[in-house]
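Encoded as structure tokens, the structure appears first; notes follow it.
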Amino acid sequence: MLIPKIRGRQRIILAIDIIPKDSWSCLCEVVKVACEEASGIKIGLPLILSVGIEKTRELTRICTHTDSLIIADLKLADIGDVMVLVLEKLKNMGFNAVIAHAFIGCEDALYKLSQLAHSAGVSLISVVAMSHRGADELLNKHFVDLVSISTECAHVEGLVVPATRPQIIRAVRDMVGDRIALLSPGVGVQGAPYGSALINGADYEIIGRAILKSHNPIEMLRLIAKRQREVLIPTCGGS
Ligand code: BMP
């Protein structure tokens, strides 16, 4: 599968780590909207560990008839032989994309995962920088090397770049041109304004708690999408 680069619809990927309002049916409704109106979902370890594999499969099934991204975010960071075992299981659970760390390197690691992902029709996305403050202590200092590992050696389809570090998004976009999708978390609760990652070159904003913890998650998702569109519309002068 190829991650679509330009989408005619909302450029939000819903990050699911919690259950909104402690209601499974509410979560299913938001997932349906995220996959039918927005660009898909990203399911994290907290959700999988709290509801289990069968329930997770229920969520991915809501999206399979759409052309959405259904991303497993386990941030894989292991030897290639072990990661490929995980990837097979994730594919069977209905995921069509997985996230791995790039810091594990290419040989016997990201490259091996990328080969299997490619033959299984699963999109591989790697993390080249992160949105929290501690990421600046080590990881974010190496984003240029991590982009090279990810793109020149492993040929991933997408890169995770932090909305809280717009300069990194711009630098990565300059490095990779238009050939790779940039997915950006850190919008909303972590402080980056809605649409800001898109303005700086990201293709998608990954947004979780701002939607799932709101009073009306579906309405909030649509409001954020509207805000993204407003921010992206070019203005014609004024300050
Ligand atoms: P929220 O919008 O609730 O802050 O969620 C952001 C999501 O993006 C979480 O699932 C988190 O694991 C993920 N994420 C992040 O916040 N920063 C990164 O650098 C990389 C991530 O995958």
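The values are calculated or read from the model by the stated rules, or taken from the named source; none is laboratory data. All figures in this text were calculated on a predicted structure; none of them were measured in a lab. Positions of Cβ are backbone-derived with ideal geometry, glycine not excepted, and every protein chain shown enters the neighbour counts. For the accessible areas, the whole protein counts, side chains as well, though only heavy atoms, and no ligand, DNA or RNA atoms are used. Shrake-Rupley method; radii C 1.70, N 1.55, O 1.52, S 1.80 Å.
Among the numbered criteria (1) surrounded by fewer than 20 Cβ atoms within 10 Å (Cβ to Cβ); (2) within 18 Å of ASP81 (Cα to Cα), which one does VAL122 miss?
Condition not satisfied by VAL122: (1).
Does THR60 satisfy the condition of being touching a residue at least 12 places away in the same chain (Cβ under 8 Å), in contact with a strand residue (DSSP E or B) (Cβ under 8 Å, 6 or more places away or on another chain), of a type in the set (Val, Ile, Thr) and open to solvent by 20 Å² or more (accessible area, probe 1.4 Å)?
Details: touching a residue at least 12 places away in the same chain (Cβ under 8 Å): yes; in contact with a strand residue (DSSP E or B) (Cβ under 8 Å, 6 or more places away or on another chain): yes; of a type in the set (Val, Ile, Thr): yes; open to solvent by 20 Å² or more (accessible area, probe 1.4 Å): no.
Criteria not met by THR60.
Can you name every residue in the range 20-47 that is open to solvent by 10 Å² or more (accessible area, probe 1.4 Å), under 18 Å from the mean Cα position of the chain (by Cα) and without any contact (Cβ under 8 Å) to a residue 60 or more places away in the chain? Even if it seems obvious, please write down each step before you answer.
Looking only at the range 20-47, we keep the residues that are open to solvent by 10 Å² or more (accessible area, probe 1.4 Å), and these are 21-26, 28-29, 32-33, 36-37, 42, 45-46.
Going one step further and asking which of them are under 18 Å from the mean Cα position of the chain (by Cα), we end up with 32-33, 36-37, 42, 45-46.
Hits for the range 20-47 are LYS32, GLU36, LEU45, PRO46.
Failed condition for LYS75, given (1) on the phi > 0 side of the Ramachandran plot; (2) more than 12 Å from the ligand (Cβ to nearest atom), with all others met?
That leaves (2) as the condition not met.
Checking LEU182 against (1) away from the ligand (no atom under 11 Å from the Cβ); (2) crowded, with 20+ Cβ neighbours inside 10 Å; (3) touching a residue at least 40 places away in the same chain (Cβ under 8 Å); (4) not in a helix (DSSP H, G or I): exactly one of these is not met. Which one?
Condition (3) is where LEU182 drops out.
What's the number of the condition GLU152 fails, among (1) open to solvent by 20 Å² or more (accessible area, probe 1.4 Å); (2) modelled with pLDDT of 95 or more; (3) not in a helix (DSSP H, G or I)?
(3)
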